[in-house]
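The values are calculated or read from the model by the stated rules, or taken from the named source; none is laboratory data. The structure displayed is predicted, hence computed values, not measured ones. So basically every Cβ, Gly included, is an ideal-geometry build from the backbone, and we count neighbours across all protein chains shown. With ligands, DNA and RNA removed, areas are computed over all heavy atoms of the protein, side chains included. Shrake-Rupley method; radii C 1.70, N 1.55, O 1.52, S 1.80 Å.
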Amino acid sequence: MNGTTLVLRALHHGERRLARQLTAVAEHHRAEHEVHHVATDLARWSREHANRLAEAGRVRGHPAEAPEEHPPSPLTALREGAAHALGDRPDPGLLLLWDLRKLHLSASGNSLYWEMLAQAAQAAHDGELLQLASRCHPQTLRQMKWTNTMVKVLSPQVLTTP
């Protein structure tokens, strides 16, 4: 296994994780229509990226491994349920900001992997891999731009409201 294969696997894992996170944010913030619809669309991009990366790995004889799933522990679910029942829920605006921050960091990590993959593809004269990175990386940059814009728009109101 070479470095390119490692980047393919890490990026495949990162795109699948980002798709799950975007889907979760869309569901958690369903009342925020823009967040719900945009996050749902952006999750579709990440799923498509993951599928293309899996195919690229298969073609090169290194199929992507399924990422580890980390379902919430029963204790975590119990703690969240108790906090909700007692009215100890953080402000929804703060939760959205936290979720957007997490999405931005995940998308940023994927963006770096896309850049690494593109550079490796150029060095190895691998046109298919370069085309894959050239097609998907701009969408990852748009995911980052959306989360960054949302943080800029929401932060003043959410963080200064008593």
Every listed condition ((1) more than 23 Å from T140 (Cα to Cα); (2) out of contact with any helix residue (DSSP H, G or I) (no Cβ under 7 Å at 6 or more places or on another chain); (3) part of a helix (DSSP H, G or I); (4) at pLDDT 60 or above) holds for D88 save (3)
Has segment 115-125 got any residue that is without any contact (Cβ under 8 Å) to a residue 12 or more places away in the chain, among the hydrophobic types (A, V, I, L, M, F, W, C), surrounded by fewer than 18 Cβ atoms within 10 Å (Cβ to Cβ) and more than 27 Å from V25 (Cβ to Cβ)? yes
Condition met for L129 (buried (at least 18 other Cβ atoms within 10 Å of the Cβ) and assigned to a helix (DSSP H, G or I)): yes
Looking only at residues that are of a type in the set (K, R) and at pLDDT 95 or above in segment 47-65, which one is nearest to G109 (Cα to Cα)? R47
In segment 21-33, residues that are over 15 Å from T140 (Cα atoms), within 15 Å of the chain's Cα centre (by Cα) and open to solvent by less than 90 Å² (accessible area, probe 1.4 Å) total 4
Condition test on G109, is it modelled with pLDDT of 95 or more and closer than 23 Å to Q119 by Cα? yes
Would it be correct to say that L42 is buried (at least 16 other Cβ atoms within 10 Å of the Cβ), over 17 Å from L117 (Cβ atoms) and at pLDDT 95 or above? yes
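Conditions tested, residue by residue: (1) farther than 18 Å from S111 by Cβ; (2) out of contact with any helix residue (DSSP H, G or I) (no Cβ under 7 Å at 6 or more places or on another chain); (3) not in a helix (DSSP H, G or I).
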position	(1), (2), (3)
M1	yes, yes, yes
T4	no, no, no
L8	no, no, no
L18	no, no, no
L22	no, no, no
H37	yes, yes, no
W45	no, no, no
List pairs: first in segment 8-27 and of a type in the set (A, V, I, L, M), second modelled with pLDDT of 95 or more and not in a helix (DSSP H, G or I), Cβ under 7 Å, 6+ apart or cross-chain? none
